[in-house]
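Trainee: After the structure tokens below, expect a handful of questions from me.
The values are calculated or read from the model by the stated rules, or taken from the named source; none is laboratory data. Predicted model, so just to flag it, every value in this text is computed and none were measured. Glycine also receives a Cβ, built like all others from the backbone with ideal geometry; neighbour counts cover every protein chain displayed. Quick note on the areas: whole protein, heavy atoms, side chains included, nothing else; ligands and nucleic acids left out. Shrake-Rupley method; radii C 1.70, N 1.55, O 1.52, S 1.80 Å.
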Amino acid sequence: MPTMRIDFQDLPVGARAAVEALTGRIHSAASVTTGLNSSVAARLHTASGKVFCKALPATHRWVWTQQREADIAPHLYGVAPALVARLAVDGWDIVLFEALDGHTADFSPGSPDLLAVVTLLDAIAQTACPPVELRDIGERLRDYASTPADLDHFTGSALLHTDLNYANIIVDAGRARIVDWGWASRGAPWLDAAYWVVWLISAGHDPATAEQWAARTSTWSTASGAALLAFSETQAALWAEISHRDPGDAWSARLANASRCWMDHRRTT
């Protein structure tokens, strides 16, 4: 379930003061509407410039994702915003990042952003997996695999983002960067391109065309047909479960349909 969103101004006075001590006076704070996992997600205009603030109650079950983002950020030069600080104040866990200019990526057919995403995925693939705690992707997908043997296809030592939601990718002047690294994992290098396929289909591409875009990345060719089938089946199972939790949610229903379409395509390819 999504985390209940509040405005930056709803944080305790001490928490806001701690942020302001780092950034200088906060002139304005604009909450963003995308994203599901943060109680506060706001773009701050401060005396020292623009900063993006994410915050969760210190006892929240997903606070570990903010720890992971803070740990991994120094290793993501060029592909993600820089970390400004992480704070624990008044019962809140707060992370501050460089605020990116630009627009959320458009994955629809014909979008000029698609080439920028290909370049981004190649840059992530060229980024060394950092010495921070990351889950193995096979562990995350274990409950959704058709057979335990399918998980062997996903094994690897590459750094993976794993959440290719268009809202996580910011494009500015043809350059794309990606935010929200809380679910970063370790696995086979082609997997981020494969995650992208589901999002491309949900944006209006047919499965074959979506795969053609993924095939422009440097890692796609390292995946076997059996590996792609196994992964498409895990995604269909995962999104079916998510959509069943909230049958009225159009967003998850669209992803469930897209992943099912890709699985059907893989089964006949």
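Trainee: Dimensions of region 7-100 along principal axes (Cα, Å, largest first)?
Mentor: Principal axes ranked by extent give 30, 29, 24 Å for the Cα atoms.
Trainee: If you don't mind, there's one more thing I want to ask. How many angstrom separate the Cα center of region 239-269 from the Cα center of region 23-91?
Mentor: Centre-to-centre distance over Cα atoms comes out at 31 Å.
Trainee: While we're here: Taking only the C-alpha atoms, wrap a convex hull around region 52-100 and report its volume per residue in Å³ as a whole number.
Mentor: In region 52-100, the Cα convex hull volume per residue is 62 Å³.
Trainee: Using a 1.4 Å probe, what is the accessible area per residue for the chain, in Å²?
Mentor: That works out to 45 Å² per residue.
Trainee: Given an 8 Å cut-off on Cα distances and at least 6 residues of separation, report the relative contact order of the chain as a percent.
Mentor: 15 percent
Trainee: Something else about it: With Kirkwood's inverse mean 1/r over C-alpha pairs for Rh, give me the Rg to Rh ratio of region 119-206, two decimals please.
Mentor: Rounded to two decimals, Rg/Rh equals 0.98.
Trainee: Using the Karplus equation 6.51 cos²θ - 1.76 cosθ + 1.60 (θ = phi - 60°), what ³J(HN,Hα) coupling, rounded to whole Hz, does each residue of region 17-26 give in order, writing x for Gly and Pro?
Mentor: Running phi through 6.51 cos²θ - 1.76 cosθ + 1.60 with θ = phi - 60° gives 5, 5, 5, 5, 5, 8, 9, x, 3, 8 Hz.
Trainee: Please list, in chain and number order, the residues 5+ apart from residue 106 or on another chain whose amide H is under 5 Å from its amide H, with Hs placed from the backbone.
Mentor: Amide H neighbours of residue 106, under 5 Å, 5+ apart: 113.
Trainee: Which whole number in µm²/s is D for region 124-269 by Stokes-Einstein, with the Kirkwood Rh taken over Cα pairs at 20 °C and 1.002 mPa s?
Mentor: After rounding, the answer is 138 µm²/s.
Trainee: How high is the FRET efficiency from residue 4 to residue 212, r the C-beta distance, R0 25 Å, rounded to 0.05?
Mentor: Using R0 = 25 Å, I get an efficiency of 0.05.
Trainee: Among 227, 123, 149, which residue has its Cα positioned farthest towards the positive end of the charge dipole of the chain, with +1 placed on the Cβ of Lys and Arg, -1 on the Cβ of Asp and Glu, and the dipole taken about the Cα centre?
Mentor: Most positive-ward Cα: 123.
Trainee: Once amide H atoms are placed 1.01 Å from N in the peptide plane, what residues at a sequence separation of 5 or more from residue 46, or on another chain, have their amide H within under 5 Å of its amide H?
Mentor: Close amide H contacts, sequence-distant or interchain: 27, 51.
Trainee: Explain nothing, just compute: Karplus ³J(HN,Hα) = 6.51 cos²θ - 1.76 cosθ + 1.60, θ = phi - 60°, for every residue of region 67-83 in order, whole Hz, x for Gly and Pro.
Mentor: Coupling constants for region 67-83: 4, 5, 4, 5, 5, 8, 3, x, 9, 10, 4, x, 10, 8, x, 6, 7 Hz.
Trainee: Let me ask you something else. To check my understanding: the extent here is largest minus smallest coordinate of the Cα atoms along each principal axis. What are those three numbers for the chain, in Å, largest first?
Mentor: Principal-axis extents of the Cα atoms in the chain, largest first: 58, 38, 37 Å.
Trainee: Per residue of region 112-119, what does 6.51 cos²θ - 1.76 cosθ + 1.60 with θ = phi - 60° give for ³J(HN,Hα)? Whole Hz please, x for Gly and Pro, Karplus curve as stated.
Mentor: x, 6, 4, 5, 5, 5, 4, 4
Trainee: Still on this model: Relative contact order (percent) for region 2-146, with alpha-carbon contacts under 8 angstrom and 6 or more residues of separation?
Mentor: Across region 2-146, relative contact order equals 18 percent.
Trainee: What dipole magnitude, in Debye to the nearest 20, does the chain give about its Cα centre under +1 on Lys/Arg Cβ and -1 on Asp/Glu Cβ?
Mentor: 260 debye
Trainee: Let me ask you something else. What's the magnitude of the charge dipole for region 101-256 around its Cα centre, counting Lys and Arg as +1 and Asp and Glu as -1 at the beta-carbon? Answer in Debye, nearest 20.
Mentor: Roughly 180 debye, rounded to the nearest 20.
Trainee: What translational D, rounded to a whole number of µm²/s, comes out for region 207-269 from Stokes-Einstein when the hydrodynamic radius is the Kirkwood one over Cα pairs, at 10 °C and 1.306 mPa s?
Mentor: Roughly 129 µm²/s, to the nearest whole number.
Trainee: Ignoring any ligand, DNA or RNA, what whole percent of the accessible area of the chain comes from carbon and sulfur when the probe is 1.4 angstrom?
Mentor: 53 percent
Trainee: Further, regarding this structure: Taking H placed 1.01 Å from N in the peptide plane, check which residues at least 5 places from residue 80 or on another chain put their amide H under 5 Å from its amide H.
Mentor: The answer is 178.
Trainee: Let me ask something additional. Debye sum, Cα scatterers, region 73-166, no solvent: what log₁₀ I/I(0) at q = 0.17, 0.21 1/Å?
Mentor: Results for region 73-166 at q = 0.17, 0.21 Å⁻¹ read -1.03, -1.19.
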